[in-house]
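Q: Quick one: this structure, given as structure tokens, is what I'll be asking you about.
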Amino acid sequence: MQTFEFIRPADPAAAVVTAAQTKTAQQGADVRFVAGGTTLLDLMKLNVETPARVLDINRLQLDRIEAAPDGGLRIGATVRNSDLAHHPTVQRDYSVLSQAILNGASAQLRNMATTAGNLLQRTRCMYFRDTAMPCNKREPGTGCPAITGSNRMLAILGTSEHCIATNPSDMCVAMAALETTIHVLGAKGSRAIPMADFHLLPGSTPNRETVLEPGDLITHVTLPPPIAGSKQIYLKLRDRASYEFALASAAVVITVVSGTVTKARIALGGVGTKPWRSPEAETALVGKPANAANFRKSAEAAMHHAKPQSENGFKIDLAKRCLTHALRMAVAA
Amino acid sequence: MPSSKWTRRDFLETSLKTGAIVATVPAALQGQNSKEDAVATAGPNIEGAVPITLRINGKDRQLRVDPRTTLLDCLRETVALTGTKKGCDHGQCGACTVHVNGRRVNSCLSLALMHDGEEITTIEGLGSPDALHPMQAAFVACDGYQCGYCTSGQIMSAVALLKEPCGPDDPAVKELMSGNICRCGAYANIVAAIQQVRKNT
């Protein structure tokens, strides 16, 4: 690990002022916030991240979960994933989020990992994590060996000729289905970013993963008021039963009235270069009878634009079955 | 055969206390390290080292750490508590599991500096050979290990699990213990040990 200066800013404003001195908030940033450390420390040991300054935001009192004025829920940036997953309001009204978090990582990691950190979780692509290899995300312009190499775990949606890295988060998939808003304090004040706009597709700049700019500090996220009568399921398929990243996952928030789907919010994990909200799957379902045939059509629609790589073509069928099964489970719940 | 009570742990602890291992730090990086200072404050007096206080197993420890030092390395190398093990060093195996403020974490993915003023519990703080923690005793009784390398992490995880939301059956325990890998495959006996303690408490 390279040397760095460890700083504990007095308040969020001071953290922003210091962080704004970096040229980028994306890959290669020379100022980084640390909360749980589970991603950052891992990548610093690999020399994938080499910040000159590390700002500890753990004592900025961003760790509260409270009711939002609009009837939704406000979740602080440094709320630990385990506290969020076990919070009674989350378990009652946003159970898809609780399920998603408890399906990710291990109990130890969930005790460390935070809301904001999980939003910024980095890909597990082995080429990104290995500085001996080329990688357009880590070193723009060096190429993507994953496209012709080991890509079984990588993405089939939202890829480009420059990058096919999967977003590994479970929490983010549930947050996409819940239409979460991300609140950021930046050099020019505070702003709110809808979840759908927060992560970027790789395109020709896979080193840019989010819309965050130098200085931007995620302070909290808000969930909209719960949808009365909605059924929520997070289904995750992986190579082993626990403590593994998704091959495919589905977050479903669905409302069925008299056998007809009236509302559906669907997001997929393990298959996209970002947490993958699927408006196609939702459109295919809303207004239709809640039955197996329509669930299947919804899943077909979700995978319509899927582009398999040499080793991950199986993910198309797997993701379809995952979503179909998640919808069945939700309606039966 | 001459019997010797000189163990590898004794050697490591003595080496750390006398600075024999610290001597691997290039001489140019070593500052004025007075003997009084070394007694009061553990850790190399190298440029950029930062003073912190950790409350480890109920005792306040004044330490000096390079900012890069993980909580794991601090416990093992600076405080000479070698019961906590380094496996993967990337949060994937759980051998380094300790409690911070009563909650289990991977000490390898945390900087010592982040825990200034916090309460750390390691396997050494759980019980002693004469008075084992019930979980330690259950691991012995159920044969919950083979080589033993993952065991302190397993036990620290298992003790934390007792206070976490966990269903009564084996699959619930397995799910919450999935962050602790045992390459010997003692899982069945580990689950039995944990269930034994849960039934008796």
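Only the coordinates and a few stated rules stand behind these numbers; no lab work does. Being a predicted model, the structure only gives us computed values, none of them experimental. When we count neighbours, we look across all protein chains shown, and the Cβ atoms used for this are built from the backbone with ideal geometry, even at glycine.
Q: Which of the listed residues, A:T219, A:H304, B:W6, is farthest toward the dipole's positive end in the protein assembly as shown, when Lys, Arg count +1 and Asp, Glu count -1 at the beta-carbon?
A: Projecting each Cα onto the dipole axis, the largest value belongs to A:H304.
Q: What is the Å³ per residue value for the convex hull set by the Cα atoms of segment A:5-56? Mind showing how you got there, number by number?
A: Values: hull volume 3.6 nm³, N = 52.
Dividing the Cα hull volume of segment A:5-56 by its residues yields 69 Å³.
Q: I would also like to ask the following. May I ask for the percentage of alpha-carbon pairs in segment A:233-333 that lie more than 21 Å from each other?
A: Tail fraction, whole percent: 27.
Q: Mind sorting B:W6, A:W276 by how few other Cβ atoms lie within 10 Å of their own Cβ, fewest first? Mind showing how you got there, number by number?
A: Working: B:W6 8, A:W276 28.
Ascending number of Cβ neighbours within 10 Å: B:W6, A:W276.
Q: Please state the relative contact order of segment A:108-180 as a whole percent: Cα pairs under 8 Å, 6+ residues apart?
A: On the way: 67 pairs, mean separation 23.3, N = 73.
After rounding, I find 32 percent.
Q: In addition: Would you mind counting up the charge near A:A155? Only other residues with Cβ under 10 Å from its Cβ, with Lys and Arg at +1 and Asp and Glu at -1.
A: Result for the local shell: +3.
Q: Kindly provide the trypsin sites (Lys or Arg not before Pro) of segment A:214-277 that DSSP labels as loop, not H, G, I, E or B, and whose Cβ sees at most 14 other Cβ atoms within 10 Å.
A: A:R240
Q: At B:D143 and B:C184, where each label point lies 7 Å from the Cα along Cα→Cβ, what is the point-to-point distance in nanometres?
A: It works out to 1.1 nm between the two label points.
Q: In what sequence do B:C96, B:C166, A:C144, B:C147 fall when counting other Cβ within 10 Å, fewest first?
A: B:C147, B:C166, A:C144, B:C96
Q: Suppose we look only past 26 Å in the calculated P(r) of segment A:1-143. What percent of the Cα-Cα pairs does that tail hold?
A: 33 percent
Q: Relative contact order for segment A:1-110 using alpha-carbon pairs under 8 Å, separation at least 6, rounded to a whole percent? Mind dumping the intermediate values first?
A: Details: 144 pairs, mean separation 24.4, N = 110.
Taking the mean separation of contacting Cα pairs over the length of segment A:1-110, I get 22 percent.
Q: Then there's this: With a 10 Å cut-off between alpha carbons and a GNM built on chain A, which of A:A107, A:A248, A:A264 moves the most?
A: Taking springs between Cα atoms under 10 Å, the residue moving most is A:A107.
Q: Report the dimensions of segment A:265-318 along its three principal axes from the alpha-carbon atoms, largest first, rounded to Å.
A: Between the extreme Cα coordinates on each principal axis of segment A:265-318 lie 37, 20, 14 Å.
Q: Could you grab the Rg to Rh ratio for the protein assembly as shown? Cα atoms only, Kirkwood for Rh.
A: 0.99
Q: Take the cross-link list A:K236/B:K85; A:K274/A:K320; A:K231/A:K288; B:K59/B:K85; A:K315/B:K174; A:K23/A:K307 and give me the ones stretching past 24 Å between alpha-carbons.
A: Pairs exceeding 24 Å: A:K236/B:K85; A:K315/B:K174; A:K23/A:K307.
Q: Quick check on the exposure proxy: order A:M112, A:M1 from fewest to most C-beta atoms within 10 angstrom. Let's see the in-between values first.
A: Details: A:M112 26, A:M1 17.
In order of increasing Cβ crowding within 10 Å: A:M1, A:M112.
Q: Can you give me the Cα centroid spacing of segment A:250-322 and segment A:47-121 in angstrom?
A: Distance between centres, Cα-based: 26 Å.
Q: Here's a follow-up. Compute the distribution of all C-alpha to C-alpha distances in segment B:69-201, in bins of 10 Å from 0, and list the percent of pairs in each, rounded to whole numbers.
A: Reading upward from the zero bin: 13, 47, 33, 7, 0.
Q: Give me D for segment B:134-199 in µm² s⁻¹, whole number, from Stokes-Einstein with Rh from the Kirkwood sum over alpha-carbon pairs, 10 °C and 1.306 mPa s. Numbers along the way, then the final one.
A: Numbers: Rh = 11.4 Å.
Calculated translational D: 139 µm²/s.
Q: On a full-extension model of 0.36 nm per residue, what is the gain between A:D11 and A:A332, subtracting their alpha-carbon distance, rounded to one decimal in nm?
A: This chain segment gains 110.8 nm when fully extended.
Q: Further question on the same structure: Taking a cut-off of 17 Å, what percent of all Cα-Cα pairs in segment B:66-114 are separated by more than that? If you can, show how the numbers build up before the last one.
A: Details: 276 of 1176 pairs.
Summing the P(r) of segment B:66-114 above 17 Å gives 23 percent of all pairs.
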